[in-house]
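Below you'll find the structure, written out as C-alpha cells, and then a few comments.
The values are calculated or read from the model by the stated rules, or taken from the named source; none is laboratory data. Given the structure is predicted, the values throughout are model-derived calculations rather than measurements. Quick reminder, even Gly has a Cβ in these numbers, built from the backbone with ideal geometry, and neighbours come from all protein chains shown. Ligands, DNA and RNA are stripped out before the accessible areas are found, and what is left, the full protein with its side chains, is counted by its heavy atoms. Shrake-Rupley method; radii C 1.70, N 1.55, O 1.52, S 1.80 Å.
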Amino acid sequence: MMTTATIGTDGQAMRQAMVSSQLRTNAVDDRRVVTAMAEVARERFLPNASSALAYRDTAIPLGGGRAVNPPLATARLLTQAELRSSDRVLLIGAAGGYAAALLAELVAEVVAVEEQPALAEFARGALADVPNVTMVEGPLAAGAPGGAPFDVLVIDGAVERLPVELVEQLHPDARIVAGLVDRGVTRLAAGRVSAGGYGLQPFLDAECVVLPGFEGPRGFQF
C-alpha cells in the first residue's frame, strides 16, 4: 500500500531550490506555473520510500513500470499550454496526483485519468482536499469522454501516438501539450486542434517518462 510521503520543514526550502536551479534557468517563464510549483508540496504525491527524491531533476519510479515526470518536463508542458483560469483540462497520466494539483492552482477544472489502480487510489487520497480535480480510473488512451469537451489536453508523459479518441474530447482550437517518443528520444511538444485535425510541434528534447497504452505500429514514427 502506498502512503503519503513527508520531508518536514525542509520541503519549502527544497521547493525554492527546485524553482531557482531547475525552472528559472530553463525557460519556465509563466509566473503562475512557477508560483504553483513553489507552493505545492511534491512529496505529498509520492510514496514514503521516494520522499527524499521529491525535488531531484529526474523521473521518480513509482512501481508497476510507472514513474513521475521530472519537474522540468511537467513545468515546461504547463508553461507551453498557455493555461487560462477558465480552462477545463483533461490530464492524462495522473500518477500520484502532482500535475493535477498544480493544474488545480491554475485552471477552473481538471479531469485527471490514471489507469493503474494503486496510483489512482493514492492520487484520490492525495487530492482529497482539492475540489476542482476529478479522478477517473481507466485506460489512459481512452481519456474521459463523459467529461468532454475540454479546452486543454495535458499528457504528462511521452507517447508514440496520440489517439483520435483523445482529440475528439477537445473543443475546436483546444491546446495540446505532450511528450513524444521519436526513435527512442523523448521530446516535449505543443499544438492545437483545428478543423482539419491537430498539429504538434516539438519544442524541447527532454527526459520524459513513457506512458503505457500509446504504442504505435511497428515502424511507426510520430
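Of the set (1) open to solvent by 10 Å² or more (accessible area, probe 1.4 Å); (2) touching a Cys at 6+ places or on another chain (Cβ under 6 Å), all apply to residue 73 but (1).
Could you list, in sequence order, all residues of the range 97-117 that are free of Cβ contacts under 8 Å to residues at least 60 places away in the same chain, part of a helix (DSSP H, G or I) and open to solvent by less than 30 Å² (accessible area, probe 1.4 Å)? Outline the logic, then answer.
Step one: list which residues in the range 97-117 are free of Cβ contacts under 8 Å to residues at least 60 places away in the same chain, which gives 97-100, 103-104, 107-114, 116-117.
Still in the running and part of a helix (DSSP H, G or I): 98-100, 103-104, 117.
Those that are free of Cβ contacts under 8 Å to residues at least 60 places away in the same chain, part of a helix (DSSP H, G or I) and open to solvent by less than 30 Å² (accessible area, probe 1.4 Å): 98, 99, 100, 103, 104.
Taking the stated definitions as given, is residue 83 in a helix (DSSP H, G or I), touching a helix residue (DSSP H, G or I) at 6+ places or on another chain (Cβ under 9 Å), surrounded by 13 or more Cβ atoms within 10 Å (Cβ to Cβ) and touching a residue at least 24 places away in the same chain (Cβ under 8 Å)? The answer is no for residue 83. Being within 19 Å of residue 61 (Cα to Cα) and touching a helix residue (DSSP H, G or I) at 6+ places or on another chain (Cβ under 9 Å) is a description that applies to residue 157.
Here are 94, 120, 67: which of them is open to solvent by less than 10 Å² (accessible area, probe 1.4 Å) and either in a strand (DSSP E or B) or under 17 Å from residue 40 (Cα atoms) (or both)?
Details: 120 fails: either in a strand (DSSP E or B) or under 17 Å from residue 40 (Cα atoms) (or both); 67 fails: open to solvent by less than 10 Å² (accessible area, probe 1.4 Å).
Exactly one residue qualifies, and that residue is 94.
Annotation: of all residues in the range 174-197 being in a strand (DSSP E or B) and modelled with pLDDT under 95, the one that is most open to solvent (accessible area, probe 1.4 Å) is 194.
Residues in the range 159-173 that are more than 22 Å from residue 82 (Cβ to Cβ) and either open to solvent by 70 Å² or more (accessible area, probe 1.4 Å) or aliphatic (A, V, I, L, M) (or both): 161, 164, 165. Applying a threshold of 8 Å to beta carbon distances and a minimum spacing of six or more residues, or different chains, the list of pairs starting in the range 41-58 at a residue that is open to solvent by 50 Å² or more (accessible area, probe 1.4 Å) and ending at one that is of a type outside the set (Phe, Trp, Tyr) and in a strand (DSSP E or B) reads 44/4; 48/4; 53/60. Listed conditions (1) touching a Ser or Thr at 6+ places or on another chain (Cβ under 9 Å); (2) open to solvent by less than 50 Å² (accessible area, probe 1.4 Å); (3) without any contact (Cβ under 8 Å) to a residue 40 or more places away in the chain; (4) not aromatic (Phe, Trp, Tyr) are all met by residue 37, apart from (3).
Have a look at 109, 82, 105, 114 and point out the one that is at positive phi and modelled with pLDDT of 95 or more. Result: 82 is the single residue among 109, 82, 105, 114 that is at positive phi and modelled with pLDDT of 95 or more.
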